[in-house]
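Q: The structure is given below, and queries will be raised subsequently.
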Amino acid sequence: MSPLHCLQAIPGFTNATINGRMACGSTGETFLVSRGDEEQYVLRLRFPGAKLFVPDPFAETRLSLLACQAGLAPEPVYCSADGQYSLRRYLPGNVWSDADLYADGGRQALGSLLARVHQLPVSGSSDGWAERALLRYSSVISHDVSTVLNAGLAALADLERLPALNALCHGDVVCGNVLHSSGSLRLIDWEYARIADPYFDLAAVLRHHRLDADASAELLDAYAAVTGDSPSQRRLGAWSSYYCALERLWLLALESYAPIQRR
């Protein structure tokens, strides 16, 4: 279906208009939508085959609603029955770049935001998603990635020796998913959201943005100031090792899996 056909299939949006494409990413593309003079929304369309990377297309709407109710995410409005397109309310603001993370107060602000997300009350527990993600990505890569896969599995084995932690996790904490709007920070693009160990989110932002020891400490100290707990270096180290393996396999899977095609 075209973006316009998807939009017109959403109740109450028959006469809405698409103002243009906002972004085209690895799993889909987003469009800015207007309804009336002031209401604006973001329409997300997933590419065929995106389930390799986003196995639960409904988690974004379901879990971002919890964060929205706490003022930490935009409001999810609609998700199609097959999960292939969804709509959320548009929030005006500035999407972060790396410069915002490295600016004075940037690490502290993001650390505090993550702590608030992870403290939201949720039910459920991690369901083995971390191992399944490694195996899914590995299964579509044509060459031998056993060394990377085994490194990720070894990190998970180390984590199994620690008490389980479960929290609402964004799953893709990078600067491009941080929005400064109306004087506060929010997280957008929740398609990788899940109930998981909160240290995965921490490891993701530290490793993805290659924060050095001092910058990492600033973010973690701000996180601990909200949660009241000192970060576990063993848990963070294991998730950091896991994230390195996951990121590598994700990139290789993206290169190898032909059905993921941009329009």
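Q: Short version: ³J(HN,Hα) in whole Hz for each residue of region 227-237, in order, from phi by Karplus 6.51 cos²θ - 1.76 cosθ + 1.60 (θ = phi - 60°), x for Gly and Pro, what are they?
A: For region 227-237, the Karplus curve yields 7, x, 10, 6, x, 7, 5, 5, 5, 5, x Hz.
Q: What value, in deg cm²/dmol to 500, does the helix sum -39500 (n - 2.57) over DSSP H runs of n ≥ 4 give at 222 nm once divided by the residues of the chain?
A: Details: 9 runs with 110 residues, N = 263.
One gets -13000 deg cm²/dmol as the mean residue ellipticity at 222 nm.
Q: For the chain, modelled as a Gaussian network with Cα springs under 10 Å, which listed residue fluctuates most, S232, S184, S26?
A: With Cα springs under 10 Å in the chain, the top fluctuation among S232, S184, S26 is at S232.
Q: Loop-only check: which trypsin sites (Lys or Arg not before Pro) in region 129-216 are DSSP coil with at most 14 other Cβ within 10 angstrom?
A: Working: sites: R132, R136, R161, R186, R194, R207, R210; in loops: R161, R210.
Loop-located and lightly packed - R161, R210.
Q: I would also like to ask the following. Taking only Cα atoms and a 10 Å spring cutoff, compute GNM fluctuations for the chain and point out the largest among G183, G106, G152.
A: Looking only at G183, G106, G152, the largest GNM fluctuation is found for G183.
Q: Candidates (1) 22.3, 89; (2) 17.7, 56; (3) 18.5, 55; which is the computed Rg and Dmax of the Cα atoms in Å?
A: (3)
Q: Something else: Mind giving me the nanometre distance, one decimal, between the label points for A224 and S184, set 7 Å out from Cα along Cα→Cβ?
A: 2.6 nm
Q: Could you tell me the accessible area of Y102 in Å² (1.4 Å probe, neighbours in place), rounded to the nearest ten?
A: Looks like 110 Å² after rounding.
Q: Treat every Asp and Glu Cβ in the chain as -1 and every Lys and Arg Cβ as +1, leave all other atoms uncharged, and give the resulting dipole magnitude about the Cα centre to the nearest 20 debye. Please report the intermediate quantities before stating the final value.
A: Values: 22 positive and 28 negative charges, 112 e Å.
Value, rounded to 20: 540 debye.
Q: Something else about it: Evaluate the relative contact order of the chain (contact order divided by residue number), counting alpha-carbon pairs under 8 angstrom at least 6 apart; express in whole percent.
A: Numbers: 434 pairs, mean separation 58.0, N = 263.
The normalised contact order for the chain reaches 22 percent.
Q: Right, next: ³J(HN,Hα) across region 149-164 via Karplus (A = 6.51, B = -1.76, C = 1.60, θ = phi - 60°), whole Hz, x for Gly/Pro?
A: Whole-Hz 3J(HN,Hα) from phi for region 149-164: 4, 5, 5, x, 5, 5, 5, 5, 5, 5, 5, 5, 7, 9, x, 5.
Q: Next up: Given a cut-off of under 8 Å on Cα pairs at least six residues apart, what relative contact order in percent is computed for region 57-201?
A: On the way: 197 pairs, mean separation 48.9, N = 145.
It comes to 34 percent, rounded to a whole number.
Q: Given a 1.4 angstrom probe, I'd like the percentage of the accessible area of the chain that is carbon and sulfur, rounded to a whole number. Write down the numbers at each step before the final one.
A: On the way: 6250 of 12340 Å².
Carbon and sulfur atoms account for 51 percent of the accessible area of the chain.
Q: Let me ask another. Measuring with a 1.4 Å probe in the full set of protein chains, what accessible area per residue, in whole Å², belongs to the chain?
A: Working: 12340 Å² over 263 residues.
It amounts to 47 Å² per residue over the chain.
The values are calculated or read from the model by the stated rules, or taken from the named source; none is laboratory data. Small disclaimer: the values here were computed from a predicted structure and weren't measured. Note that each Cβ is placed from the backbone with ideal geometry, even for glycine, and that neighbours are counted across all protein chains shown. In case anyone asks, the SASA skips ligands and DNA or RNA and just uses the protein heavy atoms, side chains included. Shrake-Rupley method; radii C 1.70, N 1.55, O 1.52, S 1.80 Å.
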